[in-house]
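No lab work stands behind these numbers, since they all come straight from the coordinates. Just so we're clear, the structure is a prediction, and the values are computed from it rather than from any experiment.
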Amino acid sequence: MAWLLVIVAGLLETGFAVCLKLSHGFTRLWPTIAFASFALGSFGLLTLSLRRLDVGPAYAVWTGIGATGTAIYGMVFLGDVVSTLKIVSITLVIVGVIGLQLSGSAH
């Protein structure tokens, strides 16, 4: 259950990062409200998950989902530049998060 909270929190992190861009420096009301809602939800769920999980792997998964989700969303929906290096870097983030998670399961 705790890992499900981290995954949902990571998806909400993607939402708050995208809404932060769409808010144009908090000058647009609805993206600003969405940003605040997603951020509170994301941090709240991460906080709950940390009651049961080690902070390193949980934080890595949370930020990994947020970073890759935001980068992919930006490329697909916001016109961000798509490049081979960007795709490789996203893949490396995912591989790094998986590696960190697997390294913590040995205890």
| remark: The extension gain from Trp30 to Ile72, computed as 0.36 nm times the residue separation minus the Cα-Cα distance, is 12.9 nm
| Rounded to the nearest 500 deg cm²/dmol, what is the calculated helix-only ellipticity per residue at 222 nm for the chain, with -39500 (n - 2.57) per DSSP H run of length n ≥ 4? | -28000 deg cm²/dmol
| field | Relative contact order of the stretch 2-104, defined on C-alpha pairs under 8 angstrom at six or more residues apart (%) | value | 33
| Fraction of alpha-carbon pairs over 17 Å apart in the stretch 2-104 - percent | 55
